[in-house]
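Let me begin by presenting the structure, written as structure tokens, before commenting on it.
The values are calculated or read from the model by the stated rules, or taken from the named source; none is laboratory data. Here the structure is a predicted model, which is why all the values come from computation and not from measurement. Here Cβ is always computed from backbone atoms with ideal geometry, including for glycine, and neighbour counts include all displayed protein chains. Ligands, DNA and RNA are excluded from the accessible area calculation, which covers all protein heavy atoms including side chains. Shrake-Rupley method; radii C 1.70, N 1.55, O 1.52, S 1.80 Å.
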Amino acid sequence: ILPLRKMKTLRETLREKNLLNNFLEERAYRLSKRDSKITIHPLKNYLDMAYVGNITIGTPPQEFRVVFDTGSADLWVPSISCVSPACYTHKTFNLHNSSSFGQTHQPISISYGPGIIQGFLGSDTVRIGNLVSLKQSFGLSQEEYGFDGAPFDGVLGLAYPSISIKGIIPIFDNLWSQGAFSEPVFAFYLNTCKPEGSVVMFGGVDHRYYKGELNWIPVSQTRYWQISMNRISMNGNVTACSRGCQALLDTRTSMIHGPTRLITNIHKLMNARHQGSEYVVSCDAVKTLPPVIFNINGIDYPLPPQAYITKAQNFCLSIFHGGTETSSPETWILGGVFLRQYFSVFDRRNDRIGLALAV
């Protein structure tokens, strides 16, 4: 049993020295680079598990760290009235301190696999760098389950409006209708290991973040960012998705998820052994194992063993996880481990996703 001491946050230290406002003003202009109506917004990589960026809500602005999530469509942050332990370690929104806040009194509940939040809807001015969404509806959590220790305060959903809370216009659609960008696209560049350097961009694509041409894939269902996949193979042998399947590109998920039976087959080819909820792989396997190849729209997207085997202390783990069979016969979730390899563009006007090898 080790004693723990709570350290002051940078914000608390600066506030005590009356330096907080100067600090925030200086950095407000460094959040996003704007070039021909493209907004490039920085993301921070937390141990390759989550990519988060800062937004502000309210007047004057209150800052929050959120996951920019292609797997959901709603924006929420914790409310100051939240009673769950998770809220005590995250920033909370104080509606009484915002002159532009409007309350609807509509209760909400949003599920995220193992996590759930319950609370109410509000509306306010939301800023992503220099993008401003006026009267943006968003959720305020009063109870949270499954978010203890999360390296983010809330979630900013970028999926289609069809899966948002009934009647709510997601922030991307609001910005689009308010003329914030000329092209309704956003894109992700996610780097590996380094905390800095990852970005989400709105309104266009910066070609410096990828090699070659973008390959465009039609969205098969305009709910999540869902596409059709042809097959998954290793060493020239089809190991999964043998008759075609569906895949979701999900920036909130760090791993690759598929049906347990097929994930087990992939792990047999890796000589991985089951240990608790993980699959342990020999660290030397990185030198000998073949890439796992995802064929999408006729183009191969290899995932090398350096990407699908991750080191944890003195042993190595597979990033493949099962469990998707509970929701559909064969659906795969391609999370951060795939999106670090491939720069991804999400095009709402044409309902398509562009992929190219990330630099």
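Sort through Gln136, Gln142 and tell me the only one that's assigned to a strand (DSSP E or B), touching a residue at least 60 places away in the same chain (Cβ under 8 Å) and closer than 14 Å to Ala73 by Cβ.
Checking each option against the conditions leaves just Gln136.
Of all residues in the range 75-95 being buried (at least 24 other Cβ atoms within 10 Å of the Cβ) and under 20 Å from the mean Cα position of the chain (by Cα), which is nearest to Pro161 (Cα to Cα)?
Filtering the range 75-95 for residues buried (at least 24 other Cβ atoms within 10 Å of the Cβ) gives 75-78, 93.
Filter once more, so that each one left must be under 20 Å from the mean Cα position of the chain (by Cα): 75-78.
Numbers: Leu75: 12, Trp76: 15, Val77: 19, Pro78: 22 Å.
Only one residue fits best here, namely Leu75.
Residues in the range 62-72: is at least one touching a strand residue (DSSP E or B) at 6+ places or on another chain (Cβ under 9 Å), farther than 30 Å from Ser318 by Cβ and open to solvent by 30 Å² or more (accessible area, probe 1.4 Å)?
yes
Quick one: would you say Ile263 is open to solvent by less than 10 Å² (accessible area, probe 1.4 Å) and part of a strand (DSSP E or B)?
Working: open to solvent by less than 10 Å² (accessible area, probe 1.4 Å): yes; part of a strand (DSSP E or B): no.
Judged against the criteria, Ile263 is not a match.
Scan the range 303-328 for residues that are open to solvent by 50 Å² or more (accessible area, probe 1.4 Å), without any contact (Cβ under 8 Å) to a residue 24 or more places away in the chain and on the phi < 0 side of the Ramachandran plot and jot them down. First the steps, then the outcome.
The first filter runs over the range 303-328 and keeps only residues open to solvent by 50 Å² or more (accessible area, probe 1.4 Å), leaving 306, 310-311, 313-315, 325-327.
Going one step further and asking which of them are without any contact (Cβ under 8 Å) to a residue 24 or more places away in the chain, we end up with 306, 313-314, 326-327.
Answer for the range 303-328, where residues must be open to solvent by 50 Å² or more (accessible area, probe 1.4 Å), without any contact (Cβ under 8 Å) to a residue 24 or more places away in the chain and on the phi < 0 side of the Ramachandran plot: Gln306, Asn314, Thr326, Ser327.
Can you pull out the residues in the range 151-189 that are touching a residue at least 60 places away in the same chain (Cβ under 8 Å), farther than 17 Å from Ile55 by Cα and assigned to a loop (DSSP other than H, G, I, E, B)?
Correct list: Ala159, Tyr160, Ser164, Ile165, Ile168, Phe181, Ser182, Glu183, Pro184.
Exactly one condition in (1) without any contact (Cβ under 8 Å) to a residue 60 or more places away in the chain; (2) assigned to a helix (DSSP H, G or I) is not met by Asp300; state its number.
Asp300 satisfies all of (1) without any contact (Cβ under 8 Å) to a residue 60 or more places away in the chain; (2) assigned to a helix (DSSP H, G or I) except (2).
Residues of the range 79-123 being within 28 Å of Asp250 (Cα to Cα) and touching a helix residue (DSSP H, G or I) at 6+ places or on another chain (Cβ under 8 Å), which ones?
Ser79, Gly122
Can you tell me how many residues within the range 201-220 are touching a strand residue (DSSP E or B) at 6+ places or on another chain (Cβ under 8 Å), within 23 Å of Ile296 (Cα to Cα) and not in a loop (DSSP other than H, G, I, E, B)?
Result for the range 201-220: 6.
Tell me which residues, restricted to the range 96-122, are closer than 19 Å to Pro161 by Cα, in contact with a Phe, Trp or Tyr (Cβ under 7 Å, 6 or more places away or on another chain) and either open to solvent by 10 Å² or more (accessible area, probe 1.4 Å) or charged (D, E, K, R) (or both).
Gln106, Pro107, Ile108, Ile110
Per-residue answers, yes or no, for (1) closer than 26 Å to Pro161 by Cβ; (2) open to solvent by less than 50 Å² (accessible area, probe 1.4 Å); (3) touching a residue at least 24 places away in the same chain (Cβ under 8 Å):
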| residue | (1), (2), (3) |
| --- | --- |
| Gly197 | no, yes, yes |
| Gly204 | yes, yes, yes |
| Arg208 | no, no, yes |
| Thr239 | no, yes, yes |
| Thr251 | yes, yes, yes |
| Pro259 | no, yes, yes |
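Any idea which of Pro161, Pro184 is under 16 Å from Asp69 (Cβ atoms) and out of contact with any strand residue (DSSP E or B) (no Cβ under 6 Å at 6 or more places or on another chain)?
Pro161
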